[in-house]
Amino acid sequence: MQVDVGIVSENIQGVSDVSHIATGGQKSVFKCMHDTHGDVVIKVIGNPNKDQRIRREIDIVIANNFSNVPHIYEFIYKDINSREFLFIIEQFISGENLRYFLQKFGVFNVTDAVSILRQLLSIVVELEDHHLVHRDIKPENIIMDKNDNLWLLDFGIARHLDMTSITATQEHFGPHTLGYAAPEQYRNVKSEINSRADLFSIGVVFYEIVTGINPYISTAQSPLDVIRRIEQVQIPKLDPSVIKSQQLSDFICILMAKYPSRRPQNARQALSWFNEIYRTIEL
Amino acid sequence: MDFYLQYGYGMMEHCRHLIQSWGSGAVILSPRDLEEDQLEKIGSDIIDRNGVTLLDPQLYNPRANHHRLIQHDYWPDEYTTGILSGGPALDKILQELKSLNTKSKTSKYILPSVICETVDDDWLHIQQNIINSSDNILNDKPTLATICLSSDSLKNEEQIESIINSAEKWNVSGYYIVPEHDNYLVEDPVWLANLLMLCSGLKLQNREVLVGYCSHQMLCLAAANVDAIASGIWLNVRAFNRNKFTESEDDSTSRRTKWYYCYQSLSEYKIPFLDMAYNTQILSSLQPENHLNTYAAMLFSGTQPSTTDYNEQSSFRHYLLCLRNQTLVSRLDSYRETINRQNAMLDAAERLIRELHRNGVRGNDRDFANIVDVNKAALQILDNNRGFVLERSWI
């Protein structure tokens, strides 16, 4: 949905320096200065009631006040020319996503990659404490700011384990990004989805940032081939000499295990094991 | 790893003797082989000898017709869907089982379950019904959910993972695994690897895992951190066979052969082959250490083994004594030490078997020569898939 910057300045009070950042689906994203909140991002979504997930995302982010997730300051529904729009005003993070860094600078060095891994695990521990599964951890949704802190974006398909699922049980596939989502997630096995699905995605992200390739997507011929590779192909372990640790290589391998029972039992356990391994790596 | 006696036909005196001799121990009682008053009596006898008892309801096939099994009050009068659908019929079974457990002085409840041909929604639903109903009735002792798996279901990795994921939500203290397989010694490494994966996956949920109907081949379950294995005297309590619960199963089948279990080679030998070892002067390599030489000492007294009074009773008790000893020392302080010991034990057995074969000493269908690789392969699969996690979760 392409809308003009005017839609922001005309409908949201106290904003200036509005510039367009991105557009996708029913959403346009703008950056601007807000009188109260300073630098903000404003997401403009047309026909917001068509997708329950939009409201679910807002509720999750506002209710939990996570440390490494941009805050949502306000959300405003507006009727403009008989069409409904939702304006979400959220914290602007000065940085770029990991995809940008991968494309511009290539793979991360081990020190930075390990820092990213530690931060991602910490974020997922926090989500887990709130009974949340993000379900869409991938380089595009991870922003690194100028202090090398990570921020996790887009809770659009996040699942609150205590709330009714939005996805119909009979759906063959659940919401996911293929190549990053765990098998139980894209196969919509709801009873098996918990933070271990996020651990799978973190494993894939780490693999990609140190090798430059997503092992499931890189040579796949089609989406079904990606699934085949996730479920049937033994992905080569990361070279311990490159990542400076056999244990870290093994750890990433178990994060990416096809079956949830073969991954760490939960994010807290994964972080604890990572911390033990971290102490043994000579960076 | 602990060792339990799996009660089978003709084991009453063996149980009394062994528990007395060991100073403690556990017996899984079998309603198929014991009438109600016998259960009560043996339960008391075991407790008096500082042992503990459990009762396997053996409801694997509700249509089973073994005469002793079906005369128990808990056994369904006719084949109904009661056990499958829950409700009053299942409640009645559980009430009667509670009473029988009380009489047998059990320390925990083993919940009934039907054999799982395929792990699907139907079987998982039945399990959930049984567990839900037992919450209200069998709530005065810890409960173990029975997971009885057909040979085919244990060959399917997806199905094993499905059980692990579902079991996490069951409100029980642990699991009683009853794995079916075709032969006494398992020749399929996938079957054994899946059993290791199942047990280790369930154990990682911090619950008790007890595996029933085991032979010495299942010593490898120590690497899966299993709490206990159970075994008995006849093959039908060392390997689960569903047919033993039907009337046509004959308790006296092929029982006259005496075997000697050589724990060092993990193989069993008929007495004529011990004579062969005697003649070729390698009998001493089959001899147990002194503390395990209680029942088989006459075989190594310097005379030809077949001329000694080594009998069926000696054979059974020797097997259980050795297996218990191997079981008790199989689990070490760390996963790595435990799996290394398993592999070392297999290597040593392989070397000894080779030497025995060179001298014509073979264990017929109980020779471990072809099974060593099965166990090694299964342990390797366990290590590849769960080694990292087990190393860090070894409690």
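Here are some notes:
- Residue identified as more than 25 Å from B:Ala239 (Cα to Cα) and touching a residue at least 40 places away in the same chain (Cβ under 8 Å) among B:Lys92, B:Lys108, B:Lys141: B:Lys141
- All positions within segment A:250-268 that are polar (S, T, N, Q) and surrounded by fewer than 18 Cβ atoms within 10 Å (Cβ to Cβ): A:Asn266
- Flag for B:Ser285 being within 23 Å of the chain's Cα centre (by Cα), within 26 Å of B:His357 (Cβ to Cβ) and not assigned by TED's automatic domain parsing to the domain that holds B:Ile233: no
- Segment B:163-257 holds strands (runs of 3 or more DSSP E) entirely within its bounds, and those carrying 3 or more residues that are among the aliphatic types (A, V, I, L, M) map to B:208-211, B:228-231.
- Within segment A:166-176, considering residues that are at pLDDT 80 or above and buried (at least 18 other Cβ atoms within 10 Å of the Cβ), the one nearest to the other protein chains (Cβ to nearest Cβ): A:His176
- Condition met for A:Phe206 (surrounded by 22 or more Cβ atoms within 10 Å (Cβ to Cβ), among the aromatic types (Phe, Trp, Tyr) and within 14 Å of another protein chain (Cβ to nearest Cβ)): no
- Residue in segment B:333-352 that is in a loop (DSSP other than H, G, I, E, B) and in contact with a helix residue (DSSP H, G or I) (Cβ under 8 Å, 6 or more places away or on another chain) present: yes
- The residues of segment A:178-188 that are within 14 Å of chain B (Cβ to nearest Cβ), part of a loop (DSSP other than H, G, I, E, B) and either crowded, with 24+ Cβ neighbours inside 10 Å or without any contact (Cβ under 8 Å) to a residue 12 or more places away in the chain (or both) amount to a single one, A:Ala182.
For every residue, the table says whether it meets (1) among the aliphatic types (A, V, I, L, M); (2) within 24 Å of A:His131 (Cβ to Cβ); (3) touching a residue at least 12 places away in the same chain (Cβ under 8 Å).
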| position | (1), (2), (3) |
| --- | --- |
| A:His176 | no, yes, yes |
| A:Ile202 | yes, yes, yes |
| A:Glu208 | no, no, yes |
| A:Arg263 | no, yes, yes |
| A:Asn266 | no, yes, yes |
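- Matching strands (runs of 3 or more DSSP E) fully within segment A:15-86 where at least 2 residues are over 21 Å from A:Leu150 (Cβ atoms) and touching a Leu at 6+ places or on another chain (Cβ under 8 Å): A:38-46, A:72-80
- Residue within segment A:216-226 that is modelled with pLDDT under 95, away from chain B (no Cβ under 13 Å) and either crowded, with 23+ Cβ neighbours inside 10 Å or touching a Phe, Trp or Tyr at 6+ places or on another chain (Cβ under 8 Å) (or both) present: yes
- Restricting B:Tyr213, B:Tyr184, B:Tyr176 to residues that are touching a residue at least 40 places away in the same chain (Cβ under 8 Å) and at positive phi narrows the list to B:Tyr213.
- The set of residues in segment B:130-150 that are of a type in the set (S, T, N, Q) and surrounded by fewer than 17 Cβ atoms within 10 Å (Cβ to Cβ) comprises B:Asn132, B:Asn136, B:Asn139.
- Going through (1) at pLDDT 95 or above; (2) in a loop (DSSP other than H, G, I, E, B) one by one, A:Ser201 falls short only on (2).
- Scope segment A:236-258; condition within 14 Å of another protein chain (Cβ to nearest Cβ), without any contact (Cβ under 8 Å) to a residue 24 or more places away in the chain, outside any helix (DSSP H, G or I) and in contact with a helix residue (DSSP H, G or I) (Cβ under 9 Å, 6 or more places away or on another chain); matching residues: A:Lys237
- Which listed residue, of B:Ser334, B:Ser285, B:Ser330, is more than 27 Å from B:Ser21 (Cβ to Cβ), polar (S, T, N, Q) and touching a residue at least 40 places away in the same chain (Cβ under 8 Å): B:Ser334
- All of B:Arg392, B:Arg358, B:Arg366, B:Arg386 fail the test of being charged (D, E, K, R) and under 20 Å from B:His216 (Cβ atoms), apart from B:Arg366.
The values are calculated or read from the model by the stated rules, or taken from the named source; none is laboratory data. Just so it is clear, the structure is predicted and the values come from calculations on it, not from any experiment. Reconstructed Cβ throughout: ideal geometry from the backbone, glycine too, with neighbour counts over all protein chains shown.
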